[in-house]
Amino acid sequence: MDRSGHQVHEKVADMRPPITSVGWVRWLRENLFSSPLSAALTLVTAYVLYLLVPPLFGWAFLDAVWFAASREECWATGEGACWAIVTTRVDQFIYGDYPADERWRAVLAFVLLLLALVPILFDRVPGRARWLVFSLLYPLIAYVLLIGGVPGLPEVETAKFGGFLLTLVIGVTGISASLPLGILLALGRRSDLFIVRVLCVGFIEFIRGVPLITLLFVASTLLNYFLPPGTSFNLLVRVLIMVTLFSSAYLAEVIRGGLQAIPGGQYEAANSLGLSYWKSMRLVILPQALKISIPGIVNSFIALFKDTTLVIIIGMLDPLGIGKATLSDATWQGLSTEVYVFVALFFFICCFSMSRYSLYLERKLHTGH
Amino acid sequence: MAETDDKPKRTRSRPGAGAARKPAKPAAGRAPAKRAADGRTGSSPARASAGSAPAGTVPATGGGARAPAPASDEIAIEISGMHKWFGDFHVLKDINLTVYRGERIVICGPSGSGKSTVIRCINRLEEHQRGHVIVDGIELTDNLKRIDQVRREVGMVFQHFNLFPHLTVLENCTLAPIWVRRLPKAEAEAIAMRYLERVKIPEQAQKYPGQLSGGQQQRVAIARSLCMEPRIMLFDEPTSALDPEMIKEVLDVMVDLAESGMTMLCVTHEMGFARQVANRVIFMDGGQIIEQAPPAQFFENPKSERTRLFLSQILH
């Protein structure tokens, strides 16, 4: 250092980080033992898991009975869960009363559904454009397959739909129809046009103010009074409409939140480039607003999917309804745990997949802003 | 460099545009008498004074290292008797302004003086309540079709860039050409790359705006506007949100654009830029145009007390 305080420093060579700040040692330190309290909680949790997991595992798998003719037979052979109630009735749980000879149609519709979802969920599949055409046609294909009434496919009444088939029909239709409707309602609520805005606000507030069960009751009973006498309006269709309207009102508010988060500069930039209202919405505003809204949208979808079980109230046999019917059978009485665990597992798989997909989507759409 | 040379769709004749594109030649092709006889002396005193000056003295009025390119006598923008209110607040009062094709105008003034609002009225991001705004021969009214027509021809650059964060730089630049001008994707991308080269960041084309520095983002924003091949460019404080070291790279692009003969209106506090390229500097305060003059006169010999005060505060 000279007298003026002017200093020049040598360059320091790179060194290895200390062992405690890399790899699994670091992970353990940061996640499980970061403080005395966290270390104590880690140990307590480990002990509780030790107490809980082995017996549960034994009940569900090791000591379980998978096939039996009745509850008595189950309990005579094993200590654990009696999955026989599920395995003997698995067709009921999946198809409800869908005629046994026609069940291949439901299976085919399900496989095609998965195929139709691929290009919608993932944008890097080869030949996506043509594939999407198939996805757009899928509702029609599914309708013909499931309900039939054309040569070669005898008609199946929708009253015979049940189980997971019914859940998927209501859930998938509700989700795919309510998203576009929700977007339109959200845009309408922010519209400059007074009438449009008032209609959208009125609709959203009315639907949100009424429980879904009430809407389902309206669908099953009251609607018939309002329609001209003699019109038979399929109950399943009425339920689909109500579920869609219900969900779209919630989605509209979620999406409106996303729209409000977009800075005004984005609208101005789109306008100043000469993009019309619909083009600027579609190309600039909605892609960003929907991305922000993904957690809320998926939240609504999951809620809708689980709310489909409410159709039990108006006499439709969803998985819970089938479970209840099964449990009232004298041969199987008292096995409610097994039935509800099985139904819960189905819902968990569906909802957890949606949740994981939404996380994947968020990561993919992250562009560093 | 002149982007106007390869526009296949432009068929309108542009008198004087040839001269406007050659900044080195002073006064060629000008018609001062015509302009002085224009009748709107109140709205453009600078025009009147320039017209009365002897031909060939343009460098003197320019005052900078480079002489401002002479403008044509074709009117690009005509604002007359424009008033605007935000609620009860009278934000613009009797604005009269005529901008000729190829002219570069710098608007300055204290914050809240309405300078941004004036240029935002030119592409109808704000609507005026009284008076007339005629851009490229099209009067701005509630007619959405006309508004979109004007917006296609008027580019705008914002203080906060307003790039679309979900699109890459290249997609930002091709969006409007593809969806508004209906160009095929390949052609739009070729145009976009040409302008990205012009603002000197072709290598960033595949990045997202969030990955660029402020100066780079603003240059992309300029390129995005240019991709629509506008006849008029509006700049709303383009360097105000930038770190000092990035201001120059943006100004360089704007100077380059000015020298190509683009009609430009810039709201800015960069007085060096005003001296270098402006034909006219306009000073606004309290929603009114207080003074307008060629940069040399404006900076050396401002007429109004308010202008003098403002200049003493921003020029150190």
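The values are calculated or read from the model by the stated rules, or taken from the named source; none is laboratory data. Not measured: the values here are computed from a predicted model. Glycine also receives a Cβ, built like all others from the backbone with ideal geometry; neighbour counts cover every protein chain displayed. Accessible surface areas use protein heavy atoms only, side chains included; no ligands, DNA or RNA. Shrake-Rupley method; radii C 1.70, N 1.55, O 1.52, S 1.80 Å.
One table, with the values for the structure above:
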{"quantity": "Karplus-derived HN-Hα couplings along region B:296-312 (A = 6.51, B = -1.76, C = 1.60, θ = phi - 60°), whole Hz, x at Gly and Pro", "calculated": "4, 4, 4, 7, 7, 9, x, 7, 8, 4, 4, 5, 4, 4, 4, 5, 5"}
{"quantity": "Region A:221-277: equivalent-ellipsoid semi-axes (sqrt of 5 x gyration tensor eigenvalues, Cα, Å)", "calculated": "42, 14, 8"}
{"quantity": "Compactness of region A:1-109 as Cα Rg over 2.2 N^0.38 Å, two decimals", "calculated": "2.36"}
{"quantity": "Whole-angstrom Cα spans of region A:13-52 along principal axes, big to small", "calculated": "51, 17, 9"}
{"quantity": "Partner chain coverage, peptide B:153-164 - average Cβ within 10 angstrom", "calculated": "4"}
{"quantity": "Prolate/oblate/rounded label for region B:181-282 (Cα gyration tensor, a/c 1.5)", "calculated": "oblate"}
{"quantity": "Largest to smallest accessible area among A:Tyr250, A:Tyr98 [probe 1.4 Å]", "calculated": "A:Tyr250, A:Tyr98"}
{"quantity": "Descending Cα extents along the principal axes, chain A, whole Å", "calculated": "102, 67, 43"}
{"quantity": "Anisotropy class of region B:226-312 from Cα gyration tensor, a/c 1.5 cut", "calculated": "prolate"}
{"quantity": "Charge dipole magnitude, Cβ of K and R +1, D and E -1 - the protein assembly as shown, Cα centre, debye nearest 20", "calculated": "2360"}
{"quantity": "Span-rule helices in chain A, defined as complete DSSP H runs reaching 18 Å or more along the axis (Cα) with Kyte mean at least 0.0", "calculated": "A:36-57, A:103-121, A:128-147, A:163-189, A:194-208, A:235-260, A:286-307, A:336-365"}
{"quantity": "Reciprocal of mean inverse Cα separation for the protein assembly as shown (Kirkwood radius, Å)", "calculated": "31.2"}
{"quantity": "Over 25 Å between alpha carbons, listed pairs A:Lys279/B:Lys145; A:Lys291/B:Lys115; A:Lys279/B:Lys115; A:Lys11/B:Lys207; A:Lys160/A:Lys306; A:Lys364/B:Lys248", "calculated": "A:Lys291/B:Lys115; A:Lys279/B:Lys115; A:Lys11/B:Lys207; A:Lys364/B:Lys248"}
{"quantity": "Accessible area buried, both sides summed, chains A and B with 1.4 Å probe, Å²", "calculated": "2000"}
{"quantity": "For A:281-293, mean number of other protein chain Cβ atoms within 10 Å", "calculated": "2"}
{"quantity": "Hull volume in cubic angstrom per residue (convex hull over the Cα atoms of region A:97-193)", "calculated": "148"}
{"quantity": "Rel. contact order, % - alpha carbon contacts under 8 angstrom, at least six apart, chain A", "calculated": "17"}
{"quantity": "Area accessible to solvent at B:Cys173, 1.4 Å probe radius, in Å²", "calculated": "0"}
